[in-house]
Structure formats: structure tokens, C-alpha cells
Amino acid sequence: MRTHYCGQVNASHVDQIVTLCGWNHRRRDHGGVIFIDLRDREGLAQVVCDPDRAEMFKIAEDVRNEFVLRITGKVRRRPAGTENANLASGEIEILCHELEVLNPAVTPPFQLDDENLSENVRLTHRVIDLRRPQMQKNMMLRYKTARAFRRFLDDNGFIDIETPMLTKSTPEGARDYLVPSRVHAGQFFALPQSPQLFKQLLMVAGYDRYYQIVKCFRDEDLRADRQPEFTQVDIETSFMDEHQITGIIEQLIRYVFKDAIDVELPNPFPRMTYAEAMRRFGSDKPDLRVTLELIDVTDAVADVAFKVFSGPATSGGRVAAIRVPDGNKMTRSEIDAYTDFVKIYGAKGLAYIKVNDASKPNEEGLQSPIVKNLHEAALKTIIERTGARSGDLIFFGADKTKIVNDALGALRTKLGHEKGYLNGKAWEPLWVIDFPMFEYSEEDKRWTACHHPFTSPKEGHDELMKTNPGECLAKAYDLALNGWEIGGGSVRIHKADVQARVFEALGIGEAEQQLKFGFLLDALKYGAPPHGGLAFGLDRIVTMMTGAESIRDVIAFPKTQRAQCLLTDAPSGVDEKQLRELHIRLRQKVETTVEVSKN
């Protein structure tokens with residue numbers, strides 16, 4: 001029905017007859033001449049409707065926003081001075097010969113160039129929202145990014161293999177989405193949180209380089225960078241160690257950024273241990289563009305009279321400081337706002353010292369309600385370690401180590417971007433390595449896996465799983481970029497006895513191992529190769545590339561933060577017949593619960 005896309009017609013087509021199809025983006029009547037901006041996925045083309053062609057012109061007079069049109073006309077240069085440098089077709093216009101309304105449209109719920117739309121309105125009318133030029137660009141970039149992933153992986157010997165969407169519920173960290181079985185009353189499938197177990201089985205089966213761009217599902221609380229269903233670029237390979245795996249992954253991500261948005265990422269990516277990242281930045285995905293760092297002063301304040309500091313310092317907690325250059329200019333209201341901010345992360349408050357004269361580490365040179373409770377030796381050490389100068393401000397966090405890291409880590413990033421403490425680089429990737437194998441859950445009173453229970457311990461750390469699980473490190477690695485974790489993975493356990501010892505450390509007995517993971521443990525006995533991999537979050541990567549505020553802006557049909565689809569009104573109730581077929585009966589209580597009936 002057409003010869004070209006609107007956004008692809010340019011000066012090289014002058015004097016040619018073209019046929020275009022698209023939507024009326026805007027119609028302008030300039031005193032006898034009607035201009036139509038015709039829009040499709042590739043952009044806009046200006047169409048000129050001259051009254052000399054009476055039949056065509058009459059149709060043009062009745063055209064309204066979002067009418068679907070087909071036009072045929074001659075390409076000509078725009079009059080001098082009327083070119084539009086913002087459009088690929090900005091040098092030309094099409095003199096319309098024929099105009100056909102393929103379908104009229106009712107008035108849309110909002111104008112496509114309205115910048116003040118609420119997200120609820122956009123998601124309710126997502127089909128119209130997806131027509132907006134920015135959303136079209138986002139979706140096209142998402143496609144280009146996925147294409148780049150596929151191209152590199154295909155060219156490097158990886159093969160695309162699908163894994164099941166209906167699988168077994170296994171404890172992998174987040175809550176599963178469950179699917180009731182009609183055929184097997186009272187039993188459930190789970191939607192996969194990731195293809196983790198299946199890709200390991202594929203390695204055992206001999207498919208030594210696998211990938212898949214796949215949907216994953218996690219029933220967890222949502223935020224800007226999280227969705228109940230998300231897209232993962234899943235990669236696994238055999239006969240490669242962690243350095244070789246991260247090496248080829250670096251090549252991949254550099255290729256993707258260059259191909260999709262013409263960005264050259266640094267080569268090689270810097271590497272940092274988890275312990276160093278937490279010590280310096282309070283985060284395992286630090287934004288290295290921010291120049292501020294956390295400085296540990298726990299030992300320096302262990303004997304001070306200020307119990308807010310000495311308490312955590314003598315009971316296994318942490319006291320850390322952030323030096324804010326020229327921070328003395330900060331107002332009390334700004335400091336109070338940052339105090340409220342860190343409370344989001346569990347901090348009880350935010351102590352500070354204004355450094356009026358760095359050469360005088362006492363009440364004469366330092367200004368703060370806490371200075372009188374800190375002896376001069378402690379203040380001198382704080383000034384020296386932070387490198388504070390006259391005119392600076394020092395913020396402090398003092399509490400359990402996790403609270404201090406979370407609160408000051410987030411504050412560091414916020415200060416960096418709000419106050420301009422940045423190194424000027426657009427992209428800062430970082431490999432974070434040597435993650436702990438286990439972390440202790442105070443809630444469950446047991447050790448849990450930091451990544452997942454199939455991660456291999458580092459050489460020489462096997463015995464620590466029994467004697468000191470907290471000191472056991474894993475062959476795990478995350479790829480961070482500008483403060484976002486965009487990918488994570490590990491070398492997997494390929495020996496059944498090692499896997500069994502990990503389960504033992506996690507408190508998963510033999511019976512539970514067989515019940516939940518028996519198929520994997522059995523497969524590992526049949527000559528499993530050394531293997532490992534990584535998964536990228538495609539949604540997050542495209543969000544970063546577009547500069548969008550939320551991953552919902554790069555997903556065609558996303559859910560809200562309450563895990564709802566406003567377009568289709570899902571989730572929704574189902575009729576009684578469907579429930580009976582699934583052997584489910586709803587009990588009406590204050591909170592609706594689901595009871596499985598085996599009758």
C-alpha cells in the first residue's frame with residue numbers, strides 16, 4: 001500500500017512520486033493550503049494539500065487527529081527558510097495528488113505532544129501512548145538492543161534454546177507466581193523466576209553455549225526498576241572459567257552499546273571486590289561517576305562520649321563518614337532534608353560537622369552539636385582520614401553495618417547528582433567480584449544464598465561452608481553500570497557432592513533436596529562439565545540507554561507498581577466454572593484467600 005516510510009523520505013527522493021501510509025499527527029490550515037504531518041514508526045513527513053485538486057482538498061478539510069491516511073504525491077524541496085533540521089524529512093515536503101482516509105478516529109484521550117500526562121492515564125490508554133514519538137523511539141531502541149545481543153551471540157557460537165514457562169516451584173529467592181493444574185487437582189506449576197536450572201541442565205546435555213531472550217516472573221514488591229514480568233538475556237557456557245566468562249561478556253556489552261547507541265564503553269572494565277565496594281561506596285553496584293566515598297572511622301570513635309558513635313563502634317557496627325567538598329554552604333533545611341532521606345534506609349538520623357578551619361580539630365574550628373562529645377584525637381583522625389578542608393562538610397552514619405552502608409550509599413549517590421560531585425564521564429561500568437557465598441537471615445535464623453544455591457564457592461573455600469559460612473566467598477560476579485546492576489552471574493556447581501554440601505549449609509536436608517532439586521542433582525551425576533554464565537536485564541539496559549525514569553517506559557505493556565495492567569484491567573476475577581475446573585474455591589474473608597479443594 002506504500003512505497004516508503006514517512007521518516008525515510010528525504011532530499012534524495014525529490015521529483016519522485018511516493019505513496020505513504022500513517023496517522024495524521026497534526027493538520028494545519030494556512031488560508032487555503034492545508035498541511036498534514038503524516039506520522040509512522042519512522043517519523044514525520046510534511047504533506048501539502050493544494051486546493052487545485054478539489055476532490056482531494058475536500059477530503060483534507062475533514063481530516064482530524066489520528067485519522068489513518070494513505071497519500072500519493074510528488075516529493076519537492078521545502079521553500080528556503082522553512083526546513084526543519086529536527087526531522088529526517090525536514091528538507092522536503094510531499095505535494096499531495098491523492099488522499100484516502102483508510103480509517104477515521106475518534107478524538108484521542110490526550111494529545112500526543114502533551115508532556116504533563118499522569119502515568120495512570122498513559123497506561124490506561126497505552127495503545128495511544130505507544131504512538132507518541134518518544135515511546136516509538138524507545139521501542140525501536142529496545143528492538144535494536146535485542147538485535148545486537150542476538151547478533152553477537154549468534155556470531156560467537158551461542159545457540160538460542162527455549163526453556164519451559166510452566167515448571168516446578170523451587171526456592172530461588174523471590175516468591176513464585178503459581179499456576180493451578182486442571183488435570184492434576186491440587187497441584188501447581190510455577191512461572192520461572194529465571195531459566196537457571198534448565199540452562200544448567202542444557203550444559204550437562206552438551207549444548208556448551210546457550211542463550212535466550214526470555215520472560216521471567218517474580219511475585220515481589222515493585223519499584224521503578226522492577227516488574228512482575230521482565231525480560232532477561234540469559235547466557236550460559238561450558239569449559240570456561242570466571243575470567244573467560246566475564247571477558248566474553250565484556251566484549252558482548254561493548255558491542256551492544258556501540259551497535260545500539262554508538263557508545264564506546266571503556267576497555268577493559270575495572271574490577272572490584274564486593275568487600276571493597278561496600279567499604280568505599282556502601283553498595284555492590286556503585287555509581288562510579290560520583291566522586292564521593294565512604295570513609296570508615298569506626299576505630300577512631302570507639303572511646304568517645306557520644307554513644308551514637310561509640311555504641312555501634314564497640315558492638316560490631318560501623319561508623320562511616322562522607323566528606324562533602326565546600327559543603328559548609330549547605331543550609332540547615334537542606335541538611336534536614338538529607339536526614340529525612342537516610343531514614344528511608346533505616347538510619348535514625350544524620351550527624352554532621354561543618355569544617356570552618358581544618359587546622360583546628362576542636363570546637364574552635366568545627367561546627368556541630370556533636371563536636372563537644374568527641375575528643376580532639378578522634379576529630380583529628382576524622383579530618384585526616386576524610387581529607388577534609390576548610391569549608392567542607394562531613395556527614396556521618398553510625399548503626400549496624402548494613403544500615404550504614406544502605407543509608408550512606410544512597411546519600412552518596414543523591415549528593416553526587418544533586419550537588420554535582422561527578423567525574424564528567426557518561427558511562428562507568430564495573431565488575432563486582434568475590435561476593436559472599438552466604439548471608440545470615442535474622443528473620444529465619446539461618447544462612448541463605450547471596451546469589452542462588454547453585455553458585456560455586458571459590459577454590460579453598462569449600463571447608464568454610466561447614467566451619468564459617470560467613471567467610472566463604474563465591475565465584476560470583478555482577479556487572480554494574482552507572483549505579484545500576486545490569487547483569488549478574490556466577491560459575492555454577494558442577495559436582496553433585498559440592499552441591500549437596502551447599503544445600504547442607506543452607507539447612508536444606510536430603511529429603512527436601514530430592515523433593516525440590518532431585519532432577520538437577522541426578523543430572524549432575526552424569527558427567528556435568530564445568531560451566532557458568534550470566535543474565536542481563538534487558539529492560540534496565542534499554543532504560544539507561546534512553547534516559548527514561550522507569551523501565552515501564554521501555555516495555556510495551558507494563559504493569560503498575562501495584563502489579564496491575566490498567567489497559568486490560570488485569571488481574572481480574574474469573575467465573576465460577578473456571579474455578580471449579582481448577583479445583584479452586586474462594587473463601588470470602590476480610591482478605592480473600594484461595595483454598596484448593598481435592599473433591
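The values are calculated or read from the model by the stated rules, or taken from the named source; none is laboratory data. These numbers come from a predicted model, not from an experiment. Here the Cβ is made from the backbone with ideal geometry for all residues, glycine too, and neighbour counts use every protein chain on show. These area figures cover heavy atoms from the full protein model, side chains too; ligands, DNA and RNA do not enter into them. Shrake-Rupley method; radii C 1.70, N 1.55, O 1.52, S 1.80 Å.
Taking the C-alpha atoms of region 152-243, how large are the radius of gyration and the largest Cα-Cα span, Dmax, in Å?
Rg then Dmax for region 152-243, in Å: 15.1, 47.
Just need the relative contact order of region 74-192 here, percent rounded to a whole number, with Cα pairs under 8 Å and 6+ apart.
Value for region 74-192: 13 percent.
How long, wide and thick is region 137-188, going by the Cα atoms along their three principal axes, in whole angstroms, largest first?
Projected onto the principal axes, the Cα atoms of region 137-188 cover 44, 30, 25 Å.
If you wrap a convex hull around the C-alpha atoms of region 1-75 and split its volume per residue, what is the figure in Å³?
On the way: hull volume 6.6 nm³, N = 75.
Convex hull volume per residue, Cα atoms: 88 Å³.
Over region 388-475, what lengths in whole Å, largest first, do the semi-axes of the equivalent ellipsoid take, defined as the square roots of 5 times the eigenvalues of the alpha-carbon gyration tensor?
Details: eigenvalues 235, 65, 28 Å².
Value: 34, 18, 12 Å, ordered largest first.
Which percent of the accessible area of the chain is formed by carbon and sulfur heavy atoms (probe 1.4 angstrom)?
On the way: 14420 of 29370 Å².
Accessible surface attributable to carbon and sulfur in the chain totals 49 percent.
Based on the inverse mean of 1/r over its pairs of different Cα atoms, what is the Kirkwood hydrodynamic radius of region 383-425, in Å?
Numbers: mean 1/r = 0.0836 Å⁻¹.
Kirkwood radius, region 383-425: 12.0 Å.
Once the dipole of region 348-427 is set up with Lys and Arg at +1 and Asp and Glu at -1 on Cβ about the Cα centre, which of G365, I382, L408 lies farthest towards its positive end?
Farthest along the dipole direction, towards plus: L408.
Which helices pass in the chain if a helix is a full DSSP H run, must span at least 20 angstrom along its long axis by Cα, and must have mean Kyte-Doolittle hydropathy not below -0.5? Show your work: numbers first, answer last.
Working: long enough: 133-155 (33 Å, -1.06); 242-261 (28 Å, 0.18); 401-419 (26 Å, -0.44).
Both cut-offs are met by 242-261, 401-419.
For region 259-344, what number results from the quotient of the Cα radius of gyration and 2.2 N^0.38 Å?
Values: Rg = 17.4 Å, N = 86, 2.2 N^0.38 = 12.0 Å.
That ratio works out to 1.46.
Averaged over every viewing direction, what's the projected area of the C-alpha convex hull for region 527-585? Give it in nm², one decimal, please.
Approximately 8.8 nm², given one-decimal rounding.
Report the full-extension gain for the segment K380 to S181: residue separation times 0.36 nm, less the Cα-Cα distance, to one decimal in nm.
Numbers: separation 199, 0.36 × 199 = 71.64 nm, distance 6.76 nm.
That works out to 64.9 nm of additional length.
Quick check on packing: order 41-48, 27-34, 125-132, 157-164 by the mean number of other C-beta atoms within 10 Å, highest mean leading.
Values: 41-48: 21.4, 27-34: 12.0, 125-132: 17.0, 157-164: 13.9.
Descending packing order for the listed peptides: 41-48, 125-132, 157-164, 27-34.
Compute the distance from the alpha-carbon center of region 1-37 to that of region 65-126, in whole Å.
Here the two parts' Cα centres lie 9 Å apart.
Restricting attention to the alpha-carbon atoms of region 348-420, what are Rg (one decimal) and Dmax (integer), both in Å?
Just the Cα atoms of region 348-420 yield Rg and Dmax of 12.8, 34 Å.
Looking at region 414-553, I'd like the Rg to Rh ratio, where Rg is from alpha-carbon atoms and Rh is Kirkwood's inverse mean 1/r.
Numbers: Rg = 18.6 Å, Rh = 17.3 Å.
Dividing the radius of gyration by the Kirkwood radius yields 1.07.
About its Cα centre, how strong a charge dipole does the chain have in debye, to the nearest 20, once Lys and Arg get +1 and Asp and Glu get -1 at the Cβ?
Working: 79 positive and 87 negative charges, 106 e Å.
Computed charge dipole of the chain: roughly 500 debye.
Using the scaling law 2.2 N^0.38 Å as the reference, what is the normalised Cα Rg of region 173-226?
Values: Rg = 14.4 Å, N = 54, 2.2 N^0.38 = 10.0 Å.
Here the Cα radius of gyration is 1.44 times the empirical estimate.
Please state, rounded to one decimal and in Å, the Kirkwood hydrodynamic radius that region 211-363 gives when every pair of distinct Cα atoms enters the mean of 1/r.
Values: mean 1/r = 0.0493 Å⁻¹.
Computed over Cα pairs of region 211-363, the Kirkwood hydrodynamic radius comes out at 20.3 Å.
Which percent of Cα pairs goes in each bin when the distances of region 60-185 are cut into 10 angstrom slices starting at zero?
9, 18, 25, 23, 15, 8, 3, 0
Once phi is turned into θ = phi - 60°, what whole-Hz ³J(HN,Hα) does the Karplus curve with 6.51, -1.76 and 1.60 give for every residue of region 553-558, x standing for Gly and Pro?
Going residue by residue, I get 7, 10, 10, 4, 10, x Hz, with x marking Gly and Pro.
Could you tell me which GluC sites (Glu not before Pro) in region 395-465 are loop residues by DSSP with no more than 11 other beta carbons within 10 angstrom of their beta carbon?
Details: sites: E418, E439, E442, E443, E459, E463; in loops: E442, E443, E459, E463.
Passing sites in region 395-465 are E442, E443, E459, E463.
Hey, what's the Cα Rg ratio for the chain versus the globular rule of thumb, 2.2 N^0.38 Å?
On the way: Rg = 29.9 Å, N = 599, 2.2 N^0.38 = 25.0 Å.
Output field value: 1.19.
Taking Cα atoms of region 13-131, Rg/Rh with Kirkwood Rh, to two decimals? Walk me through the numbers before you get to the answer.
On the way: Rg = 14.9 Å, Rh = 15.1 Å.
So for region 13-131, dividing Rg by the Kirkwood Rh gives 0.99.
What relative contact order, as a whole-number percentage, does the chain give when Cα pairs under 8 Å and 6 or more residues apart are counted?
Details: 1165 pairs, mean separation 78.7, N = 599.
The normalised contact order for the chain reaches 13 percent.
Principal axis lengths of region 218-268 from Cα atoms, whole Å, largest first?
Sorted largest first, the three principal extents are 35, 32, 15 Å.
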